[in-house]
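Step one of this worksheet: look at the structure below.
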Amino acid sequence: MTRGFEIVSKYADENITVPKRSTQQAAGYDFEAAVDITIPSVLSNNFFKGLNILSLGKLSKLRDNEDLQDILKPVLIPTGIKAYMGEGEYLQLVSRSSGPIKKRIMMPNAVGIVDADYYNNESNEGEIFFQFINFGLKDAHIKKGERIGQGIFLPYLLADGDDAVEKSDRKGGFGSTGQ
């Protein structure tokens, strides 16, 4: 087994669909939402409230950066899926092209990267999440089983001298590296 997808154990009995390509020439594997979820609109989304607070200079009631960091979080949509892949590969997560047009949602990081050592990590078993913000005026409702993004397996290259740099083993799940 070189690369592929599995269902995370907590979703084993939840009728989750393993990602698949929709057409013969599709590069991406379609990911679906594992749960019903709402992405709040620009009018009520904490992300945009946080930007408004910043732009208006209303930081006096915030504790350092902690409150602002909590306000500026996008919505994470669980997929119930984990991905395994070979050495020198990663899974690139991208939003569906119809997301901004139909639902007014977009990934604030534009591209997500799932490293090979994220698979079966101890904190979340390697479950893949897509993060979104909703720049529309109405809340976006995502139904379980609705396609939310695509994953594309890609190779990567290493810089000269990379083998001389000490690296640690992954300990956590989503967003755990580089802290």
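The figures follow:
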read-out	value
Top-ranked residue in region 3-29 [being assigned to a loop (DSSP other than H, G, I, E, B) and small (Gly, Ala, Ser); ranked as nearest to the chain's Cα centre (by Cα)]	Gly28
Selection within region 110-119 - surrounded by 13 or more Cβ atoms within 10 Å (Cβ to Cβ), in contact with a strand residue (DSSP E or B) (Cβ under 7 Å, 6 or more places away or on another chain) and not in a strand (DSSP E or B)	Ala116, Tyr119
Candidate set: region 68-91, residues that are surrounded by fewer than 16 Cβ atoms within 10 Å (Cβ to Cβ) and under 25 Å from Ala140 (Cα atoms); chosen: the one modelled with the lowest pLDDT	Leu68
Residue match in region 160-169 (condition: within 30 Å of Ser44 (Cα to Cα) and not β-branched (Val, Ile, Thr))	no
Criterion violated by Asn124 - all others in (1) outside any strand (DSSP E or B); (2) more than 17 Å from Ala33 (Cβ to Cβ) satisfied	(2)
Set Ile152, Ile128, Ile105: member being aliphatic (A, V, I, L, M), surrounded by 11 or more Cβ atoms within 10 Å (Cβ to Cβ), under 16 Å from the mean Cα position of the chain (by Cα) and modelled with pLDDT under 95	Ile105
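The values are calculated or read from the model by the stated rules, or taken from the named source; none is laboratory data. Just so you know, these numbers come straight off a predicted model, no measurement behind them. Cβ atoms come from the backbone with ideal geometry, glycine included; neighbour counts cover every protein chain shown.
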